[in-house]
Amino acid sequence: MEQWQRSIEKSLTRLEELSALFHIDVEPLKPVVERYPMRITRHYLSLIKEPGDPIWLQCVPDIRELEDGNLLADPLNEEGLSPVPGLIHRYPDRVVLLVSSACPTLCRFCMRKARIGHQIGLNGGSSIDAGLRYIERNPSIRDVVLSGGDPLLLPDEGLKEILARLHKISHLEMIRINTRAPVTLPERITLHLCSMLRKFHPLYINTHFNHPVEITSRSAEACARLADAGIPLGNQTVLLRGVNDDPEVMKKLMQKLLTIRVRPYYLHQMDLVEGTGHFRTTVEKGLEIMSALRGHTSGMATPYYVIDLPGGKGKVPILPGDVKRNGKRLFLRNYLGEVVEYPDDGR
Ligand SMILES: *Cc1c(COP(=O)(O)O)cnc(C)c1O
């Protein structure tokens, strides 16, 4: 067994451990973890400074998860858009392949909360096989996103088999892996893993940092190894109430990501997922944050702010309302709030 696999075994899954560590009453949380299990790696746990802080909120069960707020288990209709189990085909040229049904740390705000984490382990080999065959049969697919759960919970050999099979498909132009391992289980990013991954270029990794405290020397080292293997790194952040819904926190996060060679890609508005309502912010808050980033810091530090529309209607990037038109004249608001005229007469 590899060290990272032992780390998974040692992760915190029982409420009694939580109460022993933090001296809190965990009795009210019992029904929460029956419905939505808890798993926190020792690394991620070590980032908690005190109960209720931004790391705590992301991983410790909360009674509010059982509140009903008109939310849905699958608001993006991922099941409906699955031609075969474990594969989501929403856009014409790309698909998501769910290769794992668990994560090293179970995020309380997870978009697939009802389906993830009940058993550690992988999606059944037969279901992955059906997904792979679907991609092989569909020449319109040129991009595949491996997700889950966390694809890096697969052992190197299992992941390699999937990547090798994808790599052989002539119409597939690129592979992406979405993983939170650099954040929650940095020891997973071994040199062996990286030398395996680099055989499958063009391979992209999007990771998932939500708060500057998550950028530690260990997560920085994990990202450095991946980048040194020639893998371009992006980041998807979720806008979370009480965690990062603050322009200064978000700016620091985006700037620090660039220092570890991770390029901010998406800032996600929370999906309308059952059990996560207490993390929701207004869209207004997201736009305020975007206004605080754009122009005030490197353009490279500015992600797209996206709403993933209900029903699987797609991601829509939204911008602060900066463009007003008057005939052939545009009035654009810059980052200082100045309104500047721009001729738009088509010549
Ligand atoms: C987000 C997503 C993708 C990838 O979208 P990009 O904008 O290309 O990153 C593909 N399929 C589904 C179902 C998605 O949710």
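Please report the relative contact order for region 3-343, taking Cα pairs under 8 Å with a sequence separation of at least 6, and give it as a percent rounded to a whole number.
Values: 644 pairs, mean separation 52.2, N = 341.
Dividing the mean separation by the residue count of region 3-343 yields 15 percent.
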Label-point gap, in nm, between ASP344 and ASN138 - each point 7 angstrom along Cα→Cβ: 3.6 nm
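When averaged across all projection directions, what area in nm² does the alpha-carbon convex hull of the chain cover? Please list the in-between numbers first.
Values: hull surface 77.4 nm².
Over all viewing directions, the chain projects a mean Cα-hull area of 19.3 nm².
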Computed magnitude of the charge dipole of region 190-271 (debye, nearest 20; Cβ of K, R +1, Cβ of D, E -1): 320 debye
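Once you list every other residue whose beta carbon is under 12 Å from the beta carbon of ILE48, what net charge do they have if Lys and Arg are +1 and Asp and Glu are -1?
-1
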Percent of beta bridges antiparallel (DSSP, the chain, rounded to nearest 5): 40 percent
Set of lysines near LYS113 by C-alpha distance (under 18 Å), chain-local residues within fewer than 8 positions excluded: LYS30
Residue-span extension gain [ARG294 to LEU330] - 0.36 nm each, minus C-alpha spacing: 11.0 nm
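Give the value in nm², to one decimal: projected area of the alpha carbon convex hull of region 35-124, averaged over all directions. Don't jump to the answer; show the numbers that get you there.
Working: hull surface 29.3 nm².
Mean shadow area of the hull around the Cα atoms is 7.3 nm².
Since every read-out is calculated from the coordinates, none of them should be taken as a lab result. Treat the numbers as computed from the prediction; the structure is a model and nothing was measured. In this analysis, Cβ positions are derived from the backbone assuming ideal geometry, glycine residues included, and neighbour counts consider all displayed protein chains.
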